[in-house]
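> Once you've had a glance at the structure underneath, I'll fire off some questions.
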Amino acid sequence: MSQNINQLAESFCQFVQTTFKTTDFIPLHIPTLNGNEEAYVVDAIRSTFVSTVGQRVVDFEQQMATYLGVKHAVAMVNGTAALHIALLAVGVKPDSEVLTQPLSFVATTNAIHYCNAEPVFIDVDAASMSLCPKALASWLEQNAEIVDGKAINKHTQKPISACVPMHSFGFIGDIEGVIEVCQQYGIPVVEDAAESLGSTKNDQHAGTFASCGAISFNGNKIMTTGGGGMLVTNDDEIAQVARHLSTTAKVPHKWEYVHDVVGFNFRMPNLNAALGVAQLEQVPSFMRAKRELAKSYQAFFADTEITFITELPNTQVNYWLCTVKLADKTQRDAFLTVTNDSGIMTRPAWQLLNTLPAFKHCQAGPLPNATHLADCIVNIPSSVIV
Ligand SMILES: *Cc1c(COP(=O)(O)O)cnc(C)c1O
């Protein structure tokens, strides 16, 4: 068996080298900056508007809102900051609980922690790798009651103030199901759409299903602003609160400096937004290239003992990180060893968040799917091929 996996991994390496047309080291995901990036950044420098005031920030927000078909977009310094502000804007208070999935990047739980709230870990769905509505409903049935229209944890007496599903690796699962369960308990939903820019379900963009969504433009995401993030929402009040909190809560005035609450200096600088405008112009072509690559991976792995994970019906996803699933941890480790030894960068899932020192004391439901996926999945090179 393991012999088989080694051979399959070796032929996979050759396939990746042919596909990426190089025998040099092949990283997991690198940015593609072949459009108007340089021109727009130079423009920003010449304009002297390099910081948090500037036309590119406004343009980037408007163009992103149009692309996503959403009413408001608020640009911030990174995706974690956008998530943090999103949680505050939907009303997450200190000493409350926030439901989320253990299979995610640490930013998801860090943002919850920054609000002085505690994450509660609920299992993911095996196929979508994203929060499972059934597991969510069953945890809530056992642990929550509704008092004055708000969900309270019966055992800790703490309010359950939000739910943060994450669209893992760009895939979209049953997000409507998650929102429906939360609606029954009066729990607002914030989509961690950091990885899923461009992914749609029934033509609706990831990040626009729930109360609000947070997107990341870190260097390894489908598009980048160097560092950056954005909160997107159709809710006027959430947008207004987010804009206020992320710009030091300064009350607009020509010369007075009045700040009505403790805010954050989270607004995206114009230099980064200049990159963003140029990158967003190319997102449709990045999507095409990544979906093309996914198709060729799918063909390569067909009829092998490794499963290439594909989008679910009614979804068109960005394949931010293409993902394969091996039979078990031993086979996964064999695959990781052969590929990385050959200069093909591959990596396992993040360590489950409920196992990290900062979060291991937190409540968790049964996590069979997340545990299995964490043992068996591997991300494979997914950059745009130009
Ligand atoms: C990238 C990412 C973020 C936010 O990342 P930043 O680096 O702060 O922009 C948040 N959640 C998930 C799941 C991510 O992958």
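The values are calculated or read from the model by the stated rules, or taken from the named source; none is laboratory data. Keep in mind that what you see is a predicted model, and the values were worked out from it rather than measured. Heads up, the Cβs are rebuilt from the backbone with ideal geometry, glycines too, and the neighbour counts pull from every protein chain shown.
> Taking the conditions exactly as written (crowded, with 16+ Cβ neighbours inside 10 Å, at pLDDT below 95, on the phi < 0 side of the Ramachandran plot and not assigned by TED's automatic domain parsing to the domain that holds PHE301), does THR80 satisfy them or not?
Values: crowded, with 16+ Cβ neighbours inside 10 Å: yes; at pLDDT below 95: no; on the phi < 0 side of the Ramachandran plot: yes; not assigned by TED's automatic domain parsing to the domain that holds PHE301: yes.
No, not satisfied.
> Residues ALA274, ALA294, ALA327: which one is part of a loop (DSSP other than H, G, I, E, B) and either touching a residue at least 12 places away in the same chain (Cβ under 8 Å) or within 17 Å of PHE15 (Cβ to Cβ) (or both)? Please lay out each step first, then the result.
Working: ALA274 fails: part of a loop (DSSP other than H, G, I, E, B); ALA294 fails: part of a loop (DSSP other than H, G, I, E, B).
Going through ALA274, ALA294, ALA327 in turn, just one is part of a loop (DSSP other than H, G, I, E, B) and either touching a residue at least 12 places away in the same chain (Cβ under 8 Å) or within 17 Å of PHE15 (Cβ to Cβ) (or both): ALA327.
This table checks each residue for (1) within 16 Å of the ligand (Cβ to nearest atom); (2) of a type in the set (D, E, K, R); (3) touching a residue at least 24 places away in the same chain (Cβ under 8 Å).
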position: ASN6; (1), (2), (3): no, no, yes
position: PHE12; (1), (2), (3): no, no, yes
position: ARG56; (1), (2), (3): no, yes, yes
position: TYR67; (1), (2), (3): no, no, yes
position: HIS84; (1), (2), (3): yes, no, yes
position: GLY91; (1), (2), (3): no, no, yes
position: ALA107; (1), (2), (3): yes, no, yes
position: ILE112; (1), (2), (3): yes, no, yes
position: ASP123; (1), (2), (3): no, yes, yes
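> Another question, then. I'd like the full set of residues that are in contact with a helix residue (DSSP H, G or I) (Cβ under 9 Å, 6 or more places away or on another chain) and either near the ligand (Cβ under 9 Å from one of its atoms) or assigned by TED's automatic domain parsing to the domain that holds GLU311 (or both), limited to the range 201-219.
Across the range 201-219, the qualifying residues are ALA214, ILE215, SER216, PHE217, ASN218.
> Something else: Inside the range 7-59, can you point out the residues that are closer than 30 Å to ARG347 by Cα and among the small types (Gly, Ala, Ser)? Working first, answer last.
First pass over the range 7-59, keeping only residues closer than 30 Å to ARG347 by Cα: 7-35, 37.
Of everything in the range 7-59, those that are closer than 30 Å to ARG347 by Cα and among the small types (Gly, Ala, Ser) turn out to be ALA9, SER11, GLY35.
> Can you tell me which residue is nearest to SER196 (Cα to Cα) among those in the range 121-134 that are surrounded by fewer than 24 Cβ atoms within 10 Å (Cβ to Cβ) and hydrophobic (A, V, I, L, M, F, W, C)?
So, considering only residues that are surrounded by fewer than 24 Cβ atoms within 10 Å (Cβ to Cβ) and hydrophobic (A, V, I, L, M, F, W, C), the one nearest to SER196 (Cα to Cα) is ALA127.
> Please identify the pairs in which a residue from the range 258-269 that is assigned to a strand (DSSP E or B) has its Cβ atom under 7 Å from the Cβ atom of a residue that is among the basic types (Lys, Arg), counting only partners at least 6 apart or on another chain.
HIS259/LYS250
> Follow-up question, since we're still on this one. For the range 292-326, what are the residues that are under 22 Å from the mean Cα position of the chain (by Cα) and β-branched (Val, Ile, Thr)?
The answer is ILE309, THR310, THR315, VAL317, THR323, VAL324.
> Please work out which residue is nearest to the ligand (Cβ to nearest atom), limiting yourself to the range 93-105 and to residues that are over 24 Å from ASP235 (Cα atoms) and not polar (S, T, N, Q). I'd like the intermediate steps shown before the answer.
Within the range 93-105, the first condition is being over 24 Å from ASP235 (Cα atoms), and the residues that meet it are 95, 101-105.
Now drop any that are not not polar (S, T, N, Q), which leaves 95, 102-103, 105.
Details: ASP95: 23, PRO102: 12, LEU103: 9, PHE105: 4 Å.
The residue in question is PHE105.
> Determine whether PHE12 is assigned by TED's automatic domain parsing to the domain that holds ARG347, not basic (Lys, Arg) and not in a loop (DSSP other than H, G, I, E, B). Even if it seems obvious, please write down each step before you answer.
On the way: assigned by TED's automatic domain parsing to the domain that holds ARG347: yes; not basic (Lys, Arg): yes; not in a loop (DSSP other than H, G, I, E, B): yes.
Here the answer is yes, as PHE12 does meet what is asked.
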